[in-house]
Amino acid sequence: MKRIEDIDLKNKRVIIRVDYNVPLDDKLNIIDDNRIRESLKTINYCLDNNCSIILLSHLGKVKEEKDKQTKSLKVVAERLSKLLNKDVIFVKEARGKLVDEAVSNIKNKDIILLENTRFLDLEGKLESGCDEELSKYWANLADIFINDAFGTCHRAHASNVGIAKYSKEKCLGFLVLKELDNLKLVTDNPKKPFTVILGGAKVSDKIGVIENLITKADSILIGGAMAYTFLKAQGNEIGDSLVDMDSLEFAKNMLKKTNKIILPIDHVVANDLNSNNAIKNKIEKGEIGLDIGPKTIELFKNYIENSKTVFWNGPMGYYENKNYEKGTKAICEIISRLNIISIVGGGDSASCVINMGYKDRFTHVSTGGGASLELLEGKELPGIEVMN
Ligand code: AMP
């Protein structure tokens, strides 16, 4: 597998798959540009090598024609241009006449960003179905394909896997290399004690991780709504808290199999999102658990402070509401004071760490939620495998 530094890029035309799937608000402002900032190292390296650059990315899910209005990469082109302090040519389609024209006029050090690759899904799932012709079309636009979109490496789409198959030369960019190097710290012989912290709402997304890490990890701390599925599996009252009924059996089996799973011992509860909240050791009928309580924070703190490695995925509560962000913030705070290997596996917990201002205190904050979870499940990622 070639790394970007292994290839002679001088004066070449490169096509880079970046991950500009950034969150946008209702007015189409970018809420978090971390993924754009993380792509700059590879782009600047290509500019230093006098390359001409074509960028490919998806943005969100594109299911119907009207999604085109809210999922355009134009806002990303503008932000990228600001961050690079350089023009970025935005092409209003991902394949066709406009692309051919822009590419035939491209000069060294020019940067072209093509429109959302998933717009082509409206023509028959061409992107996400890894259409052969589309893959060849993109591969033929440049001399070298660079995969720098870690966030999509668990998917086999035309713009990452298909294009790689048909490119004459290909390599991994700096962002993907950094992700793989850092995630190795938890997948390959993590320094022990190794603590896994899981939260968020969907247990089903994290079943594979729990199964794979249950032997490697010393403890698995579970907070967030996920915890209620486990507490219910133990026979506790959880009121109207979120529960993943499909994962209840799994939770029961896991709790039988191991004593490494540590659950909350108190909760911030409310009758609904608009009513006052209270801290309680036990949830009662009609109440919703919305965050971990102070005793749980202390309990989790002891485990984290005794660790040499922690991996964290999923917020500890309904953090989008300021009343329920304390648990998640406390985990950030605890880890930020320690000199340990700390890896955050993308998704909501990564946004929390970044937005709450703790990013620099972590060893690594992944840009890919799904991709990092799949790596931790012990799976091979198709977007990486194809680069061999
Ligand atoms: P996930 O995608 O599975 O990581 O879930 C992230 C979501 O879980 C976020 O939107 C959180 O607000 C939500 N969440 C975490 N804890 C709770 C909770 N106790 N009650 C409701 N939602 C929660």
Task: Peptides ranked, highest mean first, by Cβ atoms within 10 Å: ranges 24-33, 251-260 - done: 251-260, 24-33
Task: Cleavage-rule hits (trypsin sites (Lys or Arg not before Pro)) in segment 103-158: DSSP loop, at most 11 neighbouring Cβ within 10 angstrom - done: 107
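Looking at segment 254-388, send over the antiparallel percent of its DSSP beta bridges, to the nearest 5.
Bridges in segment 254-388 that DSSP calls antiparallel: roughly 55 percent.
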Open item on the list: Please compute, over every Cα-Cα pair in the chain, the percentage with a separation greater than 41 angstrom.
Closed with: 19 percent
Task: the chain, helix-only ellipticity at 222 nm - DSSP H runs n ≥ 4, -39,500 (n - 2.57), divided by all residues, nearest 500 - done: -9500 deg cm²/dmol
- [ ] Can you give me the P(r) profile for segment 161-296? Cα pairs, bins 5 angstrom wide beginning at 0, each as a whole percent.
- [x] 2, 9, 16, 17, 14, 12, 9, 8, 6, 4, 2, 1, 0
- [ ] Compute the longest continuous run of the chain that contains no exposed GluC sites (Glu not before Pro); treat a site as exposed when its DSSP state is not H, G, I, E or B and it has at most 16 other Cβ atoms within 10 Å.
- [x] 94-236
Open item on the list: Let me check against my output: what whole-number percent is the relative contact order of segment 1-140, with C-alpha pairs under 8 Å and at least 6 apart?
Closed with: 25 percent
- [ ] Select from segment 52-105 those trypsin sites (Lys or Arg not before Pro) which occupy a DSSP coil region and have at most 12 other Cβ atoms within 10 Å, ordered by residue number.
- [x] 61, 63, 66
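Given contacts defined as C-alpha pairs under 8 Å and at least six residues apart, what's the relative contact order of segment 152-274, whole-number percent?
So the answer I get is 21 percent.
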Task: Length-normalised contact order for the chain - Cα pairs under 8 Å, 6+ apart - percent - done: 16 percent
Open item on the list: Sorting check: for 364-372, 48-56, which peptide has the highest mean count of neighbouring beta carbons within 10 Å, and how do the rest follow?
Closed with: 364-372, 48-56
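None of the figures in this text is laboratory data; all of them are computed from the coordinates on show. Given the structure is predicted, the values throughout are model-derived calculations rather than measurements. No Cβ is skipped: glycine too gets one built from the backbone with ideal geometry, and neighbour counts run over all protein chains shown.
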